[in-house]
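Undergrad: Quick one: the structure is below, questions incoming.
The values are calculated or read from the model by the stated rules, or taken from the named source; none is laboratory data. Model, not experiment: these values are computed from the prediction. Every residue, glycine among them, receives a Cβ derived from its backbone with ideal geometry; neighbour counts consider all protein chains shown.
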Amino acid sequence: MRYYLDTNTIIFILFDKHEGDNIGKEVLEILKNYKNTFYVSSIAMRELVKLYNDGELKSKLCKSHKELFALIERLNYEIKSFTRQHVMAYAELNPVGNHKAPNDHVIIAQAISNRIPLISSDHAFKRYQKQGLLLVFTKR
């Protein structure tokens, strides 16, 4: 099966944030299944690079943004570009409530457009299931 990984999920995986109770058992099983394919939106990568460069993320696994990309490749996560098709889905997305996070909206639209489940711990994402988001929710 194919899955998109939200920025917060990648942070749990790459930056030693998944120890203990941060990722639910269902998601851990999905992540461990070698038959699954994982995608990272180019928008999520932009967020990760910014957080990393700003010093907000620290990892024993990578010491530079170049090592961050190498780690993504080593895990066989494919970075998916944001395309015209995704922009069209983004234009049709109706932000729900007070959820005003444009990067989240872009990642949600990308997952909806590709009909690929998105793994996230963001509670706001649950409200987009009515618009076609296939969500695998993981707790923080």
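Undergrad: Do you know which residues across the stretch 62-86 are loosely packed, with under 13 Cβ neighbours inside 10 Å, under 18 Å from the mean Cα position of the chain (by Cα) and without any contact (Cβ under 8 Å) to a residue 12 or more places away in the chain?
TA: Those that are loosely packed, with under 13 Cβ neighbours inside 10 Å, under 18 Å from the mean Cα position of the chain (by Cα) and without any contact (Cβ under 8 Å) to a residue 12 or more places away in the chain: E73, R74.
Undergrad: Further question: Given the options N53, N33, name the one that is of a type in the set (S, T, N, Q) and touching a helix residue (DSSP H, G or I) at 6+ places or on another chain (Cβ under 8 Å).
TA: Values: N33 fails: touching a helix residue (DSSP H, G or I) at 6+ places or on another chain (Cβ under 8 Å).
Just one listed residue meets the conditions, N53.
Undergrad: Here is a further query. Please go through the stretch 47-61 and give me each residue that is of a type outside the set (V, I, T) and either surrounded by 14 or more Cβ atoms within 10 Å (Cβ to Cβ) or touching a residue at least 12 places away in the same chain (Cβ under 8 Å) (or both), ordered by number. Spell out how you get there, then give the answer.
TA: First pass over the stretch 47-61, keeping only residues of a type outside the set (V, I, T): 47-48, 50-61.
Selection gives E47, L48, L51, Y52, N53, L57, K58, S59, K60, L61.
Undergrad: Further, regarding this structure: If a residue counts only when it is at pLDDT 95 or above and farther than 15 Å from L5 by Cβ, which helices (runs of 4 or more DSSP H) contained entirely in the stretch 43-140 have at least 1 such residues?
TA: Answer list for the stretch 43-140: 84-92, 102-114.
Undergrad: Look at I112 and say whether it is more than 26 Å from Y34 (Cβ to Cβ) and surrounded by 20 or more Cβ atoms within 10 Å (Cβ to Cβ).
TA: Considered against the rule, which asks whether it is more than 26 Å from Y34 (Cβ to Cβ) and surrounded by 20 or more Cβ atoms within 10 Å (Cβ to Cβ), I112 comes out as yes.
Undergrad: In the stretch 123-140, which residue that is touching a helix residue (DSSP H, G or I) at 6+ places or on another chain (Cβ under 6 Å) and on the phi < 0 side of the Ramachandran plot is surrounded by the fewest Cβ atoms within 10 Å (Cβ to Cβ)?
TA: L135
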